[in-house]
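Novice: Sharing a structure with you now.
The values are calculated or read from the model by the stated rules, or taken from the named source; none is laboratory data. These figures come from a predicted structure and were not determined experimentally. A quick note on method: Cβ atoms are made from the backbone with ideal geometry, for glycine too, and the neighbour counts reach across all protein chains shown.
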Amino acid sequence: MKKLSTEPYKGTRDFYPEDMRLQNYIFDTMKAVVEKYGYQEYTASIMEESDLYRAKTGEEIVNEQTYSFIDRGGRDVTLRPEMTPTVARMVANKRRDITFPVRWYSIPNCFRYERPQRGRLREFWQLNVDLLGTENLFADAEIIQMSYEVMIAFGAKSENFTIKLNNRKLMNELFSEILKLDEEKSYSLAKLIDKKAKVSDEEFIQKATNLVGDQIELLSSFLKAEKLDELPEIIRTSKNAQELKNVMETLNSQNIKNCVFDPTLMRGFDYYTGIVFEVFDLNPINIRSLFGGGRYDNLVDLFGVESVPAVGFGMGDVTIQDYLETYNLIPKLNTTTDITICTIDESVIQKALEFATIFRKNGVGVVVDYTDKKIGQKIKNAERDGSVYVLCLGEEETKNNVYTLKKLSDFSEKKFTETELISRINKTFLSI
């Protein structure tokens, strides 16, 4: 029989208790920010029909990056690679029962079949935040502002990351109305621009010239613009450029000063229709896109119901954890154990259990160590496991009715009678 591996499946992770504490900290921080904006949590099954992703996420994603299979009923299903198509399906399903606008969020786990590397794994969790039911550009600004505030909540400094913005409508205007490209060439150029940073300048120019011909200089001038005012005159004052300018001015009015225009920013999914953005780390050892989002006004009408304008973003746990580690922003994460009660011999185990029951009823987390290890080792184990205090019980303590509570951070001690312990031990007392 083949020896089984103890390692998790490639590109996935095991979450030991210390890992779970970090994941819960990341999730709790995300939730605290978005719920202050009035967003409500939802979730859904991890499996969807594959056609949902083929229709709007893109054939490339489904064919090359998903875990898709035929189930025993002959249905073509996929483990979700992202959450946005699911929320669109859910809204379409209850379209007549929902009062718009709605503010929803979820932190689902997702799967992508791709080469595991820094910032990318095959299984990950992702905060998804969506505002559905309004075309107002203040909704776009709200989504981007929340993205900024989540970063700040993690301890990030605004000078260490930037928010890049573009407008897919502006790009579509460039492709169809100025460059006069048909739908097929527009799609190909969009994909080429999306991958511009991954190819050499020479290769990009060659491929772009094949698509736009003698208008390559106009395209190059557009893509080199670092500010909206630097765009070619033919498109500089367009309505779509003004939309982007309005959103950036709104963010600036909220004291968000690290937003920049990036004409090469496309976002890879096919369903984006308007403002798109990505948050980038500026640290040389981790310079990369952290997460992003944008407007997707046509996704719900895929299901044959009236269109619902929508804007949102997705923030993955892997890239955020990398960011926290890069900047040393992970706080000390304590366990839920406030007190470890160490028994010196079996005769006091019952008394230890009585104390533990009373303490827990007062909101205190308690572990009773009733193993036969030496008391010194029990204290070391309690310290290692993150307990705040230890209470050692032996025949002498119970006989004399004097119990010593030891604080493990500095090994200071306080002595109490049983009555004092029972009356005083609670979360408030232990925090002093």
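Novice: Please pick out the residue among Asp322, Asp317, Asp385 that is touching a Lys or Arg at 6+ places or on another chain (Cβ under 8 Å), of a type outside the set (Val, Ile, Thr) and surrounded by 12 or more Cβ atoms within 10 Å (Cβ to Cβ).
Specialist: Within the list Asp322, Asp317, Asp385, the selection yields Asp322.
Novice: Sort out which residues of segment 112-136 are more than 14 Å from the chain's Cα centre (by Cα) and assigned to a strand (DSSP E or B), and write them in order of number.
Specialist: The answer is Gln117, Leu131, Leu132.
Novice: Out of Met151, Met171, I need the residue that is of a type in the set (A, V, I, L, M) and either within 28 Å of Asp322 (Cα to Cα) or not assigned by TED's automatic domain parsing to the domain that holds Arg103 (or both). Which one?
Specialist: The unique qualifying residue is Met151.
Novice: Given (1) polar (S, T, N, Q); (2) out of contact with any strand residue (DSSP E or B) (no Cβ under 6 Å at 6 or more places or on another chain); (3) within 23 Å of Met151 (Cα to Cα), identify the lone condition not met by Thr335.
Specialist: In the conditions (1) polar (S, T, N, Q); (2) out of contact with any strand residue (DSSP E or B) (no Cβ under 6 Å at 6 or more places or on another chain); (3) within 23 Å of Met151 (Cα to Cα), Thr335 misses (3) alone.
Novice: Could you check segment 245-286 and list, in sequence order, the residues that are buried (at least 19 other Cβ atoms within 10 Å of the Cβ) and either of a type in the set (Lys, Arg) or on the phi > 0 side of the Ramachandran plot (or both)?
Specialist: Arg267
Novice: Looking at Phe222, is it more than 18 Å from Leu131 (Cα to Cα), assigned to a helix (DSSP H, G or I) and of a type in the set (A, V, I, L, M, F, W, C)?
Specialist: yes
Novice: For segment 132-153, check the following and say yes or no: at least one residue is at pLDDT below 95, of a type in the set (Val, Ile, Thr) and surrounded by fewer than 17 Cβ atoms within 10 Å (Cβ to Cβ).
Specialist: No, there is no match, as no residue in segment 132-153 is at pLDDT below 95, of a type in the set (Val, Ile, Thr) and surrounded by fewer than 17 Cβ atoms within 10 Å (Cβ to Cβ).
Novice: Could you figure out which of (1) within 21 Å of the chain's Cα centre (by Cα); (2) farther than 30 Å from Asn328 by Cβ isn't true of Val305?
Specialist: (1)
Novice: Right, another one. Across segment 265-281, what is the total count of residues that are closer than 19 Å to Ser238 by Cα, among the β-branched types (Val, Ile, Thr) and touching a Leu at 6+ places or on another chain (Cβ under 8 Å)? Show your work before the answer.
Specialist: Going residue by residue through segment 265-281, those that are closer than 19 Å to Ser238 by Cα are 265-266, 273-276.
Now drop any that are not among the β-branched types (Val, Ile, Thr), which leaves 273, 275-276.
Subsequent filtering for residues that are touching a Leu at 6+ places or on another chain (Cβ under 8 Å) retains 275-276.
The qualifying residues number 2.
Novice: Can you give me the ranges of the helices (runs of 4 or more DSSP H) entirely in segment 137-203 with at least 3 residues that are of a type in the set (Gly, Ala, Ser)?
Specialist: Output list reads 137-153, 183-194.
Yes or no, residue by residue, for (1) assigned by TED's automatic domain parsing to the domain that holds Asn381; (2) part of a loop (DSSP other than H, G, I, E, B); (3) at negative phi:
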| residue | (1), (2), (3) |
| --- | --- |
| Asn298 | no, yes, yes |
| Asp301 | no, no, yes |
| Phe313 | no, no, yes |
| Asp322 | no, no, yes |
| Pro331 | no, yes, yes |
| Ser347 | yes, no, yes |
| Arg360 | yes, no, yes |
| Gly363 | yes, yes, no |
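Novice: Please state which one of Asp97, Asp19, Asp76 is under 20 Å from the mean Cα position of the chain (by Cα), surrounded by fewer than 15 Cβ atoms within 10 Å (Cβ to Cβ) and either within 24 Å of Val311 (Cβ to Cβ) or without any contact (Cβ under 8 Å) to a residue 40 or more places away in the chain (or both).
Specialist: Asp19
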